[in-house]
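Trainee: Pasting a structure here, questions to come.
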Amino acid sequence: MSEPTSESDTSQTVGVDYSSPTFQPNPSNPYQTETTADREARIYRLFSSLKPNENGLLDADGILRGFERLTHLPARTKYARELLQRCDTSHDGMIDFTEFKDYVLDKERELWQLFLQIDKSGDGRLQPEELEAALKLAGIRISEDDFMRFMDAMDVDQDGVIDFQ
């Protein structure tokens, strides 16, 4: 299996809902400016990080090994099995790149819509108070310390807000 190339139309951007009444484009947001070819390459790198077998396919063991390298979550076995179950649209116990890519794109669209709902200011960034209000609305109660740790973990560039990256 070869990595996708950047020879396709690089002017096309994907995944942006410009029709949202509160959305104001933020050109510095990589999700909004990512080309189709760049997105395909990013997803391929993620797929490859899970170490597909010699046939370019992922199975539950391969996904679990990849999760072990990428995360310390105690429930990673559960997540590996869940990923296989949701991605394996051909029901052969294996995930090919196309199945994986379709799953990732669906999840990113879901996350983007959730991000837009939480982003009440429409600036393309989640302010701490927006996230805190969304958690409360969802009935999720966490301590101030846990909230700050979550913000720190999600705020990759440490500018006090969460960008969709």
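Trainee: As an exercise, take the mean of 1/r over every pair of distinct alpha carbons in the stretch 34-107, invert it, and state the Kirkwood radius in angstroms. Don't skip to the end; give the middle numbers.
Mentor: Numbers: mean 1/r = 0.0804 Å⁻¹.
Evaluated on the stretch 34-107, it is 12.4 Å.
Trainee: Now a separate question. Give me the percent of the accessible area of the stretch 119-164 that comes from carbon and sulfur atoms, probe 1.4 Å, all protein chains in place.
Mentor: Values: 1660 of 2910 Å².
The nonpolar share, carbon plus sulfur, comes to 57 percent.
Trainee: On to the next question. Using a cut-off of 11 Å between beta-carbons, work out the net charge of the residues near Ile140 (Lys and Arg +1, Asp and Glu -1, Ile140 not included).
Mentor: That sum, taken over residues with Cβ under 11 Å, equals 0.
Trainee: Next up: Compute the normalised compactness of the stretch 92-136: alpha-carbon radius of gyration over 2.2 N^0.38 Å, N being the residue count. Present the calculation step by step, with values, prior to reporting the outcome.
Mentor: Working: Rg = 15.1 Å, N = 45, 2.2 N^0.38 = 9.3 Å.
Working it through for the stretch 92-136, the quotient is 1.61.
Trainee: Just to make sure I understand: if all protein chains stay in place, what is the order of Met151, Met94 by accessible area at 1.4 Å, largest first?
Mentor: Sorted by accessible area, descending: Met94, Met151.
Trainee: Identify the trypsin sites (Lys or Arg not before Pro) of the stretch 67-165 meeting these criteria: DSSP loop state and at most 13 other C-beta atoms within 10 Å of the C-beta. Kindly include the intermediate steps, with their values, before the conclusion.
Mentor: Working: sites: Arg69, Arg76, Lys78, Arg81, Arg86, Lys101, Lys107, Arg109, Lys120, Arg125, Lys136, Arg141, Arg149; in loops: Lys120, Arg141.
Those satisfying the criteria are Arg141.
Trainee: Still on this structure, please answer the following. Report the extension gain between Arg81 and Glu54 in nm, rounded to one decimal, defined as 0.36 nm multiplied by the number of residues separating them, less their alpha carbon distance.
Mentor: Values: separation 27, 0.36 × 27 = 9.72 nm, distance 2.04 nm.
Contour length minus the Cα-Cα distance gives 7.7 nm.
Trainee: Also, I was wondering about something else. Would you tell me the accessible area of Met154, worked out with a 1.4 angstrom probe on the heavy atoms of the protein chains, in Å² to the nearest 10?
Mentor: Estimated to the nearest 10 Å², Met154 gives 90 Å².
Trainee: Then there is this: Just need log10 I(q)/I(0) for the stretch 119-164 at q = 0.13, 0.23, 0.33, 0.34 Å⁻¹, Debye formula, equal scatterers on the alpha-carbon atoms, no solvent, rounded to two decimals.
Mentor: -0.27, -0.82, -1.26, -1.27
Trainee: I want the local charge near Asp159. Using Cβ-Cβ distances under 13 Å, sum +1 for each Lys or Arg and -1 for each Asp or Glu among the other residues. Intermediate values should be presented prior to the final figure.
Mentor: Numbers: positive: Arg125; negative: Asp123, Asp152, Asp155, Asp157, Asp163.
Its environment carries a net charge of -4.
Trainee: Using the Kirkwood radius over Cα pairs, work out the Stokes-Einstein diffusion coefficient for the stretch 44-165 at 10 °C and 1.306 mPa s, in µm²/s as a whole number.
Mentor: Values: Rh = 16.4 Å.
Calculated translational D: 97 µm²/s.
The values are calculated or read from the model by the stated rules, or taken from the named source; none is laboratory data. As the structure is a computational prediction, the values presented were derived from the model and not from experiment. Glycine also receives a Cβ, built like all others from the backbone with ideal geometry; neighbour counts cover every protein chain displayed. Surface accessibility is based on the protein's heavy atoms, side chains included, excluding ligands, DNA and RNA. Shrake-Rupley method; radii C 1.70, N 1.55, O 1.52, S 1.80 Å.
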